[in-house]
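The values are calculated or read from the model by the stated rules, or taken from the named source; none is laboratory data. Because the structure is a prediction, the values reported are computed rather than measured. Here the Cβ is made from the backbone with ideal geometry for all residues, glycine too, and neighbour counts use every protein chain on show. Quick note on the areas: whole protein, heavy atoms, side chains included, nothing else; ligands and nucleic acids left out. Shrake-Rupley method; radii C 1.70, N 1.55, O 1.52, S 1.80 Å.
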Amino acid sequence: MRIALFGGSFDPPHIAHEKIVIKALESLEIDKLFIVPTYLNPFKQNFHLEPEKRYALLKKIFKDYEKVKVLDFEILQKRKVSTYETIQYLKNNYKLSKIYLIIGSDNFKNLNTWNNYDKLKNEVEFIVAKRVGFLNENFDNIKTLDIDIDISSTNLRENINLDYIPKKIKDDIKSLLKKGN
């Protein structure tokens, strides 16, 4: 089985996340794309939306995508989980012949600081989602996905703009904003 893994905080999920998935499905020869929301990003100290809410929002966005599975593995651990650990989980539960790991261009420059990076780079092929508004260095010999949306979850939390929220979850996000969650 050939898979792609797209992990992240998704705090909140936005239209660039959806576009990354669409582009990956169009350009990668894969059987399944796993979206894996973190319980808590290993490089962060807290989250804004509860992990279970982010998981539910992602399930709603991607429910009609046949090749997409939103995986709650990291959330169920109730702790920070490294990408390497998630890869091992997938390898133990699926017969995998190819693993693509989709990361944002903002994460690429710090990839060597990831837990078990030396092992990880031997097990996956990195796919970099290039984003407007970020330094996109020359990614020699690395596949890229061009995402022409200048948004990040951090920016979206600081200045909420519902234009960047996928239609399928707009009402959910409005409701969460009213509740202060």
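Values as computed for the structure displayed
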item	result
For q = 0.18, 0.19 Å⁻¹, Debye-computed log10 I/I(0) when each Cα of the chain counts as one equal scatterer	-1.32, -1.49
Rel. contact order, % - alpha carbon contacts under 8 angstrom, at least six apart, segment 21-137	24 percent
Evaluated over segment 1-104, the Cα radius of gyration and Dmax, each in Å	12.9, 36
Sum of -39500 (n - 2.57) over DSSP H runs of 4+, divided by residues of the chain (222 nm, nearest 500)	-10500 deg cm²/dmol
Solvent-accessible area, 1.4 Å probe, carbon plus sulfur percent, for segment 11-128	45 percent
Packing rank of 97-107, 42-52, 83-93, where each peptide gets the mean count of other beta carbons within 10 Å, highest leading	97-107, 83-93, 42-52
Nearest-ten-degree value, helix 83-93 long axis tilted from longest Cα axis of the chain	70 degrees
With Cα atoms, 0 to 90° folded angle of helix 170-179 axis to the chain main axis	60 degrees
Residue-by-residue Karplus 3J(HN,Hα) for segment 42-50, coefficients 6.51, -1.76, 1.60, Hz, glycine and proline x	x, 9, 10, 9, 7, 10, 9, 7, 4
Student exercise, segment 1-80 dipole from Lys, Arg, Asp, Glu Cβ charges, in Debye to nearest 20	200 debye
